[in-house]
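Input: a single structure, listed below in structure tokens.
The values are calculated or read from the model by the stated rules, or taken from the named source; none is laboratory data. Everything numeric here is computed off the predicted structure, so don't read it as measured data. Using ideal geometry, Cβ is built from the backbone for each residue, glycine included, and neighbour counts are taken over all protein chains shown. Calculation scope for accessible area: heavy atoms of the full protein, side chains included, ligands and nucleic acids excluded. Shrake-Rupley method; radii C 1.70, N 1.55, O 1.52, S 1.80 Å.
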Amino acid sequence: MPEQASLLSVKELSRVFILRSGLTRTRIAAVNRVSFELAAGRPEIFSIVGESGSGKSTLARMLLGLLEPSEGKIIYKGRDVTAIRRRRDRLAFMKEVQPVFQNPFDTFNPLKKVETYLYETVYNFGMTDNVREADRIIDDALRAAGLSLVEVKGRYPNELSGGQLQRAAVARALITQPSLIIADEPVSMMDASLRMSVVNLFKELKERLGVTVIYITHDLATAYYVSDRIVVMLRGNVVEQGPVEKVLAAPLHPYTRLLKESVPKPDPKDKWEGEVKLATSEGVEYARAGCKFAGRCPYVQDACIREAPPDVEFDGRIVKCHRVEEIASGTAQPAQNGSAPPEALRSPKAGSQAG
Amino acid sequence: MSLVRAESLKAYYITKAYGVERVVKAVDNVTLEVRENEILGIAGESGCGKSTLMKTLLGIVQPPLTVVGGRVVYTVDGKDVDVTAASPQELEGVRWRHVSYVPQGSMNVLNPVRRIKHTFRDFVAHRVQRMSQAELVKWAAEHLKSLGLPPEVLNAYPHQLSGGMKQRVTIALATLLKPKVIFADEPTTALDVIVQRGVIQLLSRIQREEKNSLVLVTHDMGVHAHLTHRIVIMYAGKVIEEGSTAKIFSAPQHPYTQYLIGSLPVIGDKEYRVSAPGNPPRLDRPLTGCRFVDRCPKAMPQCRQAAPALVETGKDHKVACFLVSPEEEKESA
């Protein structure tokens with residue numbers, strides 16, 4: 001693949017955390033060999049979804065350069081980001097790739113005016129030295145996010161609503177005119193109506209300014225609504241990735257199916273049937289050698305427990321499952337007793353090796 | 001028959017700093033009832049007074065929160081108890097037995113340095129006659145088993161459990177003494193969809209088996225659709241619509257409710273969705289008229305002059321909007 005054509009290319013990216021307690025060591029692969037590619041010149045909204053503890057945020061922090069990967073490469077516009085050492089290069093990368101974080105009330109210091117952060121961003125990235133020019137840049141960015149400098153100037157974070165504040169956070173990210181915005185759970189603290197206004201804002205940024213957005217969330221309904229492509233993560237692994245119309249509208253991986261089914265539909269006539277099986281402890285699933293979903297999967301086989309499933313290309317997407325073809329054709333039979341093998345409650349240490 | 005009633009309830013946050021008094025009317029003239037054997041949902045944006053209403057209904061009123069008018073009444077064994085005037089001892093007598101509470105962010109309420117069984121012991125120590133540790137563990141294990149949770153969690157510390165499991169253990173604690181009414185404040189908000197589904201299943205199962213009442217506060221309309229029988233929609237401290245869940249979703253009458261239902265994204269539908277424009281009004285300023293007037297696409301001059309009353313428009317359906325009924329809200333003392 002020609003490197004020039006891609007905006008961001010993530011190759012076999014992994015991050016391993018080692019938990020020590022006494023003499024035992026537990027190895028947790030929070031992100032395990034994740035690969036994906038964002039094309040340059042074709043702005044899109046790329047969603048990463050998964051439960052909490054699936055490694056979404058770890059992945060985001062690595063992409064932003066806040067955390068060093070254990071293995072793998074992050075190539076931004078043909079340059080390996082993990083190898084950047086010089087401050088000037090780092091700054092140039094930060095200018096291009098900007099974050100928006102989860103809770104806007106935590107992002108802004110309550111004792112500082114909101115505009116402080118906007119001006120700081122302008123001066124720190126050397127956009128201009130002129131105050132009037134800075135005003136203009138900030139006003140443009142705020143307007144792109146549906147606010148204006150007049151509305152924000154002189155106000156403290158507590159004087160703005162959550163939605164306005166998150167818009168200000170997006171505006172701050174827009175100041176440097178980035179090509180890529182990485183938004184880590186930007187709407188999870190908001191209620192439905194605010195959610196839609198922020199999500200619609202991302203759509204606008206993509207269409208009007210040509211910004212690519214990596215939208216990290218556990219809200220599948222908004223992910224379907226805004227995104228073009230989607231990645232579904234489970235315990236550090238990407239289990240299914242592809243166009244959102246395929247992955248969410250007709251999921252193949254049993255985990256994606258369960259996720260989709262579990263979104264409560266806003267329709268009282270359409271309720272769930274059957275009981276859902278929950279993971280008792282995350283540690284057990286992380287420590288599992290085979291498929292991480294084997295403990296809860298209705299189609300589990302011996303092979304699923306023994307060995308990790310391969311990435312299978314199927315119907316325009318990549319699915320990490322041993323039985324994807326059988327599942328897609330509808331010939332897969334659920335396990336004999338109708339449910340997965342019982343999973344005893346164990347502490348996360350149970351799957352560790354002595355060190 | 002009602003189990004909990006709020007009558008023209010007004011609960012304001014009153015603060016005084018440097019001689020300037022600030023009054024936030026978080027709950028303003030709210031009347032509602034919790035009936036026997038039902039799941040009542042309370043919906044609305046953040047900051048609309050849902051949680052304050054719940055605190056007042058539970059009698060957890062601490063300054064700066066002040067009950068300015070109205071009252072909350074529990075019906076315990078056929079007798080009325082006025083919670084707003086009750087002494088702490090009386091409240092202690094009805095809490096956890098008549099009403100119990102699953103607080104917001106309740107997966108963080110478990111003591112991190114004590115095993116779950118000790119938390120159970122701490123919880124029942126003052127409320128039940130003395131029992132031995134073995135008896136208590138047996139009782140707790142049976143209760144957990146009846147809720148479909150593995151009794152092994154009793155020996156675990158909170159950090160060994162997943163978020164959903166902690167949440168369900170908290171629900172088990174709140175239902176241990178078989179209360180008539182359970183108040184749950186955003187019980188699923190911090191959880192992922194699959195775990196949320198498990199928690200919702202647990203709550204509805206408890207309600208089905210015990211035939212008690214559940215009051216569920218959340219802003220997630222999907223959860224309301226799945227769980228509740230009736231919904232109360234709040235906006236800026238007032239109840240603006242109340243009705244059966246099916247009615248609220250199929251034929252919402254208040255413009256705000258219409259926005260709330262219409263803006264929900266659904267998988268399989270990429271149509272552009274608009275949310276209500278603008279922001280809710282500030283509750284620390286004097287407000288006249290309908291609270292939604294500035295964001296309402298159908299606002300009329302009349303809407304700015306007086307607040308509409310919550311009137312019955314059909315069987316079990318009440319709306320406060322001049323488009324539906326011209327009746328004005330009466331200011332009660």
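Data overview
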| item | result |
| --- | --- |
| Yes/no for A:K206 being among the charged types (D, E, K, R), farther than 17 Å from A:P43 by Cβ and modelled with pLDDT of 90 or more | no |
| Residues located in segment B:141-171, provided they are small (G, A, S), within 29 Å of the chain's Cα centre (by Cα), surrounded by 18 or more Cβ atoms within 10 Å (Cβ to Cβ) and not in a helix (DSSP H, G or I) | B:S162 |
| Hits in segment A:179-197 - residues which are open to solvent by less than 10 Å² (accessible area, probe 1.4 Å) and touching a residue at least 40 places away in the same chain (Cβ under 8 Å) | A:L180, A:I181, A:I182, A:A183, A:P186 |
| Helices (runs of 4 or more DSSP H) wholly inside segment A:85-175 containing at least 3 residues that are open to solvent by less than 50 Å² (accessible area, probe 1.4 Å) and touching a residue at least 12 places away in the same chain (Cβ under 8 Å) | A:114-124, A:131-144, A:162-174 |
| Close pairs (6 angstrom Cβ cut-off, 6 or more residues apart or separate chains): in contact (Cβ under 8 Å) with a residue 40 or more places away in the chain in segment B:174-202, open to solvent by 20 Å² or more (accessible area, probe 1.4 Å) and of a type in the set (D, E) anywhere | none |
| Residues that are open to solvent by 10 Å² or more (accessible area, probe 1.4 Å) and polar (S, T, N, Q), drawn from segment B:216-273 | B:S244, B:S250, B:Q253, B:Q258 |
| Qualifying helices (runs of 4 or more DSSP H) (wholly inside segment B:228-333; at least 1 residues being among the aliphatic types (A, V, I, L, M) and modelled with pLDDT of 90 or more) | B:245-250 |
| Of all residues in segment B:182-212 being out of contact with any helix residue (DSSP H, G or I) (no Cβ under 9 Å at 6 or more places or on another chain) and within 28 Å of B:D77 (Cα to Cα), the one that is surrounded by the most Cβ atoms within 10 Å (Cβ to Cβ) | B:R205 |
| Qualifying strands (runs of 3 or more DSSP E) (wholly inside segment A:6-79; at least 2 residues being out of contact with any Gly (no Cβ under 7 Å at 6 or more places or on another chain) and away from every other protein chain (no Cβ under 14 Å)) | A:6-21, A:24-39, A:71-76 |
| Long-range neighbours under 6 Å by Cβ, at least six apart or interchain, first residue under 17 Å from B:D192 (Cβ atoms) within segment A:43-72, second open to solvent by less than 30 Å² (accessible area, probe 1.4 Å) and of a type in the set (G, A, S) | A:S47/A:A223; A:S47/A:S227; A:V49/A:A223; A:G55/A:A30; A:G55/A:G236; A:K56/A:G50; A:T58/A:A30 |
| Selection status of B:Y13, surrounded by fewer than 18 Cβ atoms within 10 Å (Cβ to Cβ) and touching a Pro at 6+ places or on another chain (Cβ under 7 Å) | yes |
| Segment A:16-39, residues that are farther than 28 Å from A:T256 by Cβ and modelled with pLDDT of 85 or more | A:I18 |
| Check on B:G93, open to solvent by less than 50 Å² (accessible area, probe 1.4 Å), modelled with pLDDT under 85, more than 25 Å from B:L203 (Cβ to Cβ) and assigned by TED's automatic domain parsing to the domain that holds B:P252 | yes |
| Lone unmet requirement of (1) open to solvent by less than 10 Å² (accessible area, probe 1.4 Å); (2) within 14 Å of chain A (Cβ to nearest Cβ); (3) part of a strand (DSSP E or B) for B:C48 | (3) |
| Residue that is modelled with the lowest pLDDT [pool: residues in segment A:40-59 that are surrounded by fewer than 22 Cβ atoms within 10 Å (Cβ to Cβ) and closer than 20 Å to A:L248 by Cβ] | A:S52 |
| Residue among B:T245, B:T257 that alone is within 9 Å of chain A (Cβ to nearest Cβ) and touching a residue at least 12 places away in the same chain (Cβ under 8 Å) | B:T245 |
| Matching residues, segment B:275-297, being among the polar types (S, T, N, Q) and within 18 Å of B:E329 (Cβ to Cβ) | B:T288 |
| Segments classed as helices (runs of 4 or more DSSP H), wholly inside segment A:198-308, with at least 3 members that are within 14 Å of chain B (Cβ to nearest Cβ) and open to solvent by 10 Å² or more (accessible area, probe 1.4 Å) | A:254-262, A:282-287 |
| Residue, farthest from the chain's Cα centre (by Cα), within segment B:124-140, restricted to residues that are at pLDDT 85 or above and open to solvent by 20 Å² or more (accessible area, probe 1.4 Å) | B:A134 |
| Residues that are small (G, A, S) and in contact (Cβ under 8 Å) with a residue 40 or more places away in the chain, drawn from segment B:102-127 | B:G105, B:S106 |
| Failed condition for B:F183, given (1) more than 21 Å from A:W272 (Cβ to Cβ); (2) part of a loop (DSSP other than H, G, I, E, B); (3) assigned by TED's automatic domain parsing to the domain that holds B:T228 | (2) |
| Boolean, B:V99 is open to solvent by less than 40 Å² (accessible area, probe 1.4 Å) and touching a residue at least 24 places away in the same chain (Cβ under 8 Å) | yes |
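Residue by residue, here is whether (1) touching a Pro at 6+ places or on another chain (Cβ under 9 Å); (2) under 28 Å from B:R22 (Cα atoms); (3) aliphatic (A, V, I, L, M); (4) assigned by TED's automatic domain parsing to the domain that holds B:V215 holds:
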| residue | (1), (2), (3), (4) |
| --- | --- |
| B:Y235 | yes, yes, no, yes |
| B:G243 | yes, no, no, yes |
| B:P252 | no, no, no, yes |
| B:L260 | yes, no, yes, yes |
| B:G268 | no, no, no, yes |
| B:R273 | yes, no, no, yes |
| B:P277 | yes, yes, no, yes |
| B:L283 | no, yes, yes, yes |
